[in-house]
Amino acid sequence: MYYISIRKEDWHRSLENLLSSHDVFVPVKDEFGLDYEPFRLSQAEKIAYNVPKPTTPLKNFFLPVRENVSNIVREGRPRIIIGAPNCDVAALGLLDEIYLDKDFPDPFYRERRRNTCIIASDCWSVNEHCHCTSYGIKPYSEEIADMALLSDGDDIILRVISDNGKELARQLTAALPVEEPGKLSFAEKRHRDTEALLSDLNKGLPDYKTTGEIVLKAGSEIWKKYASKCVSCGACTTICPTCTCFLLIDRPGFEKVKQTDACQYPGFERVAGGEDALFALDHRFRNRYMCKYVWRPQKFKSIACTGCGRCIEACIGKINKNELFMELA
């Protein structure tokens with residue numbers, strides 16, 4: 001890794017120049033919240049750097065809610081996604097294990113990953129339900145992403161991580177005055193401060209491995225208690241950066257459509273004979289946590305919850321999984 005520094009106005013001008021060949025997405029904050037939008041120089045002042053976290057998880061850029069997978073894989077325009085928090089970047093580790101499996105790769109996912117450069121954003125503050133450090137994830141990216149961004153007054157500092165990041169840095173800084181940043185002590189302090197905030201915010205929350213152990217041992221009563229407020233809307237799973245269940249739907253003309261599914265939906269495990277192992281709501285509710293904290297760790301190296309907290313924020317029933325885990329602990 002190495003760092004480069006660019007004046008913010010030059011940085012925005014460089015992004016505008018790249019629009020002729022790339023699609024560029026940035027995190028924009030407005031009255032509705034923070035989310036990704038296509039970059040426009042006229043709206044550069046609305047870009048929120050180093051702020052957690054866009055409403056849309058990063059996975060949606062690679063796994064659309066609905067797509068026709070009987071189509072031929074076509075190469076799209078190269079994309080640059082700016083502002084992804086490390087909880088989302090770390091989640092790509094699991095998605096890569098699943099969809100880039102050497103024996104069963106997903107060609108659509110593979111093409112999108114190959115065609116996308118990710119510029120992560122170090123988090124310099126926390127939201128109410130952020131808990132990445134509880135699961136061993138830092139609030140800043142040092143892998144998987146191609147670059148990471150730090151905003152320092154009138155300057156943008158880029159931490160170049162991958163070979164793709166090096167190439168993009170070359171394109172961004174062509175014919176621009178680029179400097180090596182001076183002391184990065186301000187960034188190190190920001191990182192320490194954010195980690196301290198997260199530590200204070202999540203006192204008593206068990207780590208990822210311990211959570212799996214207590215979930216496995218938990219009796220039925222606690223699942224019934226928390227599931228009593230669940231409305232089976234599936235918001236927790238569809239907004240999760242690591243949940244990737246899907247249906248394959250056959251349509252006329254030999255089309256096959258892949259559509260996002262969720263284990264919280266009624267009928268998720270119903271089979272042709274009518275049997276449904278997850279018919280009971282509390283069984284579906286428990287299934288999600290067993291999948292994330294028990295079954296996924298048995299099969300994959302990457303963890304299946306990166307502590308973004310979106311499932312808590314999106315829940316119509318106001319179910320807080322962290323309260324559930326602390327009660328179990």
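The values are calculated or read from the model by the stated rules, or taken from the named source; none is laboratory data. These numbers come from a predicted model, not from an experiment. Virtual Cβ from ideal backbone geometry, glycine too; neighbours counted across all protein chains shown.
Structure summary
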quantity: Residue check for G93: surrounded by fewer than 20 Cβ atoms within 10 Å (Cβ to Cβ), out of contact with any Leu (no Cβ under 6 Å at 6 or more places or on another chain) and at negative phi; calculated: yes
quantity: Residue among C240, C230, C263, C291 that alone is in contact with a Ser or Thr (Cβ under 8 Å, 6 or more places away or on another chain), surrounded by 12 or more Cβ atoms within 10 Å (Cβ to Cβ) and not assigned by TED's automatic domain parsing to the domain that holds P64; calculated: C263
quantity: Filtered residue count, the range 63-83, keeping only those that are more than 14 Å from the chain's Cα centre (by Cα) and in a strand (DSSP E or B); calculated: 5
quantity: Criterion violated by I137 - all others in (1) part of a helix (DSSP H, G or I); (2) over 30 Å from E16 (Cβ atoms); (3) in contact with a Gly (Cβ under 7 Å, 6 or more places away or on another chain) satisfied; calculated: (1)
quantity: Unique residue being among the aliphatic types (A, V, I, L, M), touching a Phe, Trp or Tyr at 6+ places or on another chain (Cβ under 9 Å) and farther than 19 Å from S220 by Cα when the list is I249, I316, I303; calculated: I303
quantity: Check on T116, assigned by TED's automatic domain parsing to the domain that holds V65, crowded, with 20+ Cβ neighbours inside 10 Å, more than 17 Å from V51 (Cβ to Cβ) and out of contact with any strand residue (DSSP E or B) (no Cβ under 8 Å at 6 or more places or on another chain); calculated: no
quantity: Subset tally (residues that are closer than 25 Å to K301 by Cα and among the charged types (D, E, K, R)) for the range 49-94; calculated: 3
quantity: Strands (runs of 3 or more DSSP E) enclosed by the range 1-62 - at least 3 residues per element that are within 22 Å of R159 (Cβ to Cβ); calculated: 2-7, 23-30
quantity: Pairs, first modelled with pLDDT of 90 or more in the range 160-171, second surrounded by fewer than 13 Cβ atoms within 10 Å (Cβ to Cβ), C-beta under 6 Å, six or more apart; calculated: V160/Y2; I161/M1
quantity: Any hit, the range 138-147, residues being under 18 Å from F61 (Cβ atoms) and surrounded by fewer than 20 Cβ atoms within 10 Å (Cβ to Cβ); calculated: yes
quantity: For G153: the one exception among (1) in contact with a Leu (Cβ under 6 Å, 6 or more places away or on another chain); (2) of a type in the set (G, A, S); (3) under 26 Å from R170 (Cβ atoms); calculated: (1)
quantity: Helices (runs of 4 or more DSSP H) completely within the range 284-329 that count 2 or more residues being among the acidic types (D, E) and out of contact with any strand residue (DSSP E or B) (no Cβ under 6 Å at 6 or more places or on another chain); calculated: 321-328
quantity: Residues that are at pLDDT 95 or above and out of contact with any helix residue (DSSP H, G or I) (no Cβ under 7 Å at 6 or more places or on another chain), drawn from the range 143-158; calculated: E143, A148, L149
quantity: Residue in the range 176-196 that is at pLDDT 95 or above and among the acidic types (D, E) present; calculated: yes
